[in-house]
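The values are calculated or read from the model by the stated rules, or taken from the named source; none is laboratory data. On a predicted model such as this, the values are computed, not experimentally measured, just so you know. Here the Cβ positions follow ideal geometry from the backbone for every residue, glycine too, while neighbour counts run over all protein chains shown.
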Amino acid sequence: LELSLQHASKLEAVGRLTGGIAHDFNNMLSIVIGNLDLVKGSLQGDDKVLRRVESAIEGAHRCAELTSRLLAFSRRSPLQPKALEFTSFMPGLIKLLERTLGDRITISTDFATELPNVCVDHAQFEAAIINLAVNARDAMPNGGTLGIRIQHRDIPEQDGCEGTRFVEISIVDTGVGMSPAVLARVFEPFFTTKEAGKGTGLGLSMVYGFVQQSGGIITVDSSPGQGTRFVISMPALAKRGFASEADDHGTSAETV
Ligand code: ADP
């Protein structure tokens with residue numbers, strides 16, 4: 001618990017700091033891009049200079065992309081949680097993943113029937129899964145399989161405590177895996193093992209923040225050469241998928 005509190009406050013401090021910097025940096029960057037566009041427009045016939053200006057514009061756009069990611073990270077925009085129904089939500093996301101991951105990655109899915117709904121911000125949920133999937137792809141440079149498994153897990157009523165139901169979303173890859181030293185730091189903001197320009201080290205800390213804000217838990221399990229498994233557990237909404245679909249007043253008469 002102490003560790004996760006430390007982690008959360010570090011995340012918040014880093015978020016505030018990067019937010020301020022990214023915001024000012026973005027303003028200056030738009031001046032740079034605006035002027036470069038003007039220069040480009042006024043160049044006539046000089047291919048060599050044109051190429052250089054174009055590559056400066058490209059670099060500036062990459063910086064802009066990074067700052068917008070930093071802003072998204074620090075903004076902590078209020079989530080807009082809504083009921084998410086997996087059977088209607090997942091097919092679109094899988095299509096998007098197929099396009100994003102390319103031919104070398106095979107996506108294998110395993111969804112339990114009668115999955116209960118969860119309550120999450122749909123866009124952020126999608127972004128979290130994409131983040132995990134893109135990391136998985138990066139860990140499988142020679143191709144491999146990305147497994148997406150969704151099931152529910154019931155914790156029975158015990159000692160007077162109400163039973164609960166979770167939906168578990170597992171993202172499993174057959175990639176290079178992680179050493180214990182890397183594994184211990186994966187959720188840290190700015191921790192990356194990727195070469196400069198390829199990784200920001202913000203992906204997993206964003207996923208972590210989102211899952212936590214949504215009342216869920218994320219765990220990871222990995223070893224070198226064995227691939228990696230991330231599991232997001234989200235509390236299920238009590239309305240659908242229970243044996244006794246109680247009544248319309250939302251009282252939970254179900255036994256799990
Ligand atoms: P980034 O992808 O920009 O490096 P992340 O926060 O998403 O930032 O990931 C941090 C680090 O965690 C990665 O650089 C990588 O070392 C490790 N990592 C994340 N996902 C995986 C995975 N599926 N397999 C192996 N290593 C991973």
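Quick one: count up the residues across the range 44-66 that are farther than 30 Å from residue 199 by Cβ and surrounded by 14 or more Cβ atoms within 10 Å (Cβ to Cβ).
Of the residues in the range 44-66, 1 are farther than 30 Å from residue 199 by Cβ and surrounded by 14 or more Cβ atoms within 10 Å (Cβ to Cβ).
When you scan the range 149-170, do you find a residue that is more than 6 Å from the ligand (Cβ to nearest atom), touching a helix residue (DSSP H, G or I) at 6+ places or on another chain (Cβ under 7 Å) and over 21 Å from residue 83 (Cα atoms), even just one?
No, the range 149-170 has no match at all.
What are the residues in the range 214-227 that are within 17 Å of the chain's Cα centre (by Cα) and near the ligand (Cβ under 10 Å from one of its atoms), if any?
Correct list: 220 only.
Among the numbered conditions (1) more than 14 Å from the ligand (Cβ to nearest atom); (2) not in a helix (DSSP H, G or I), tell me where residue 125 comes up short.
Status for residue 125: all satisfied but (2).
I'd like the full set of residues that are part of a strand (DSSP E or B) and either more than 16 Å from the ligand (Cβ to nearest atom) or touching a His at 6+ places or on another chain (Cβ under 8 Å) (or both), limited to the range 90-122.
Answer for the range 90-122, where residues must be part of a strand (DSSP E or B) and either more than 16 Å from the ligand (Cβ to nearest atom) or touching a His at 6+ places or on another chain (Cβ under 8 Å) (or both): 109, 110, 111, 118, 119, 120, 121.
Quick test for you: out of 176, 211, 207, pick the one residue that is over 25 Å from residue 235 (Cα atoms), touching a residue at least 40 places away in the same chain (Cβ under 8 Å) and within 15 Å of the ligand (Cβ to nearest atom).
Result of the check over 176, 211, 207: 176.
Mind checking which residues of the range 213-223 are surrounded by fewer than 16 Cβ atoms within 10 Å (Cβ to Cβ) and either of a type in the set (Ser, Thr, Tyr) or in a helix (DSSP H, G or I) (or both)?
Correct list: 213, 219, 223.
Got a sec? Which of 36, 71 is hydrophobic (A, V, I, L, M, F, W, C), at pLDDT below 85 and either over 21 Å from the mean Cα position of the chain (by Cα) or part of a helix (DSSP H, G or I) (or both)?
71
Output the residue which, of all residues in the range 147-179 that are outside any strand (DSSP E or B) and at pLDDT 95 or above, is farthest from residue 107 (Cα to Cα).
Checking each candidate, the answer is 179.
I'd like to know if the range 78-88 contains one or more residues that are within 16 Å of the ligand (Cβ to nearest atom), of a type in the set (A, V, I, L, M) and out of contact with any Leu (no Cβ under 7 Å at 6 or more places or on another chain).
Checking the range 78-88: not a single residue is within 16 Å of the ligand (Cβ to nearest atom), of a type in the set (A, V, I, L, M) and out of contact with any Leu (no Cβ under 7 Å at 6 or more places or on another chain).
Which of the residues belonging to the range 179-204 are surrounded by 15 or more Cβ atoms within 10 Å (Cβ to Cβ) and more than 9 Å from the ligand (Cβ to nearest atom)?
None; the set is empty.
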